[in-house]
1. Determine the gain in length on full extension of the stretch B:THR26-B:GLU64; use 0.36 nm per residue of separation and subtract their C-alpha separation, reporting nm with one decimal.
2. Estimate the FRET efficiency between B:LEU162 and B:TYR33 by the formula 1/(1 + (r/R0)^6), using the beta-carbon distance for r and 35 Å for R0, to the nearest 0.05.
3. Expressed in nm², what is the orientationally averaged projection area of the convex hull enclosing the Cα positions of chain B?
4. Where the only charges are on Cβ atoms (+1 Lys, Arg; -1 Asp, Glu), what is the dipole of segment A:45-93 about its Cα centre, to the nearest 20 debye?
5. Which parts of segment B:16-47 would a label at A:GLU54 reach, counting a residue when its backbone N lies under 18 Å from a point 7 Å out along Cα-to-Cβ?
6. Could you size up the charge dipole of chain B around its Cα centre, putting +1 on the beta carbon of Lys and Arg and -1 on that of Asp and Glu, and report it in debye to the nearest 20?
7. Across peptide B:151-163, what mean number of C-beta atoms from other chains lies inside 10 Å of a residue's C-beta?
8. Ignore the peptide's own chain and count Cβ atoms of other chains within 10 Å of each Cβ in A:22-33; give me the average, rounded.
Amino acid sequence: MKIQRVSGNNKKHKVFVYALSTCAWCKKTKQFLKDKDVEYEYVDVDLLSKEDLEKVKAEITSRGAQLLFPLIVIDDKVIITGFREDQISGALA
Amino acid sequence: MDAESRGYKLNPDASFLNDLLEGLKTNEERYGYPSCPCRYAAGIFELDKDIICPCDYRDIDVEEFGSCYCGLFVSKEVYEGKRKLQPVPERRPSKFIERAFSGRITPETTQEVRKEERISEVVGGMKFWYCKQCGYVAFREEPPYICPICKAKREFFAEINLSVSARG
């Protein structure tokens, strides 16, 4: 699966973003993390093969999350749907 | 676009707006229609119909949250900076979202067959709805949230029962 890693000096938390390549809110989320120098990984779900898509779908639903983007997962436990700046900042503090 | 005449404005943030328009353009090229850049599209017209821009959820989302789901259309208040642009909760029924995902993951070999099945499944669930206030008619699984013509609320929509009789 095509998982992209964006390096940053802030490695305090494990941050993963499920995104769509066309989505402006997803882009804002990626930019926000970059500006905060947070290291994170992301996957653009709309670009996945059918096989990988099925995997990602199962992954998201098994986390109890909805299939909405951006979906931000912090330390495998905090799940934030949408670019909720305050919530993301709070979880990264 | 009918944005201005209906009291909608486009997102005033130039780079945000540009990203949205790029996303719409990509989807237009990819699927043949401009489906919402911030929603997962099945790539099958019948399954994506409600999220083709301007989507079925725009009017009510702009009214309630000051912008549509992706942020392309905003209210006057948001445009003028009197209200902050915020992510909008997804109103699209989760069964439609589920359907978009499973629409795509069928194995390549049976895809065409499955596609036909899916389309007939969706079309089979569609009904005609008319606005009791202005007469606008929509062919959808659910009635519109707001009448796009006269702005009447969902309660003003009634199902049209069509009966066809053959006379010899």
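None of the figures in this text is laboratory data; all of them are computed from the coordinates on show. As the structure is a prediction and not an experimental result, all values here were calculated from the model. Positions of Cβ are generated from backbone atoms using ideal geometry, with glycine treated the same way; all protein chains shown enter the neighbour counts.
1. Full-extension gain reported as 10.8 nm.
2. Between B:LEU162 and B:TYR33 the formula returns 0.80.
3. 12.6
4. Values: 6 positive and 9 negative charges, 27 e Å.
The dipole of segment A:45-93 has a size of about 140 debye.
5. Once the point is set 7 Å along Cα→Cβ of A:GLU54, B:42 turn out to lie under 18 Å by backbone N, inside segment B:16-47.
6. Computed about the Cα centre, the dipole is about 420 debye.
7. Working: counts 0, 0, 0, 0, 0, 0, 0, 0, 0, 0, 0, 0, 0.
The shielding value for this peptide is 0.
8. Whole-number average of other-chain Cβ neighbours for A:22-33 is 6.
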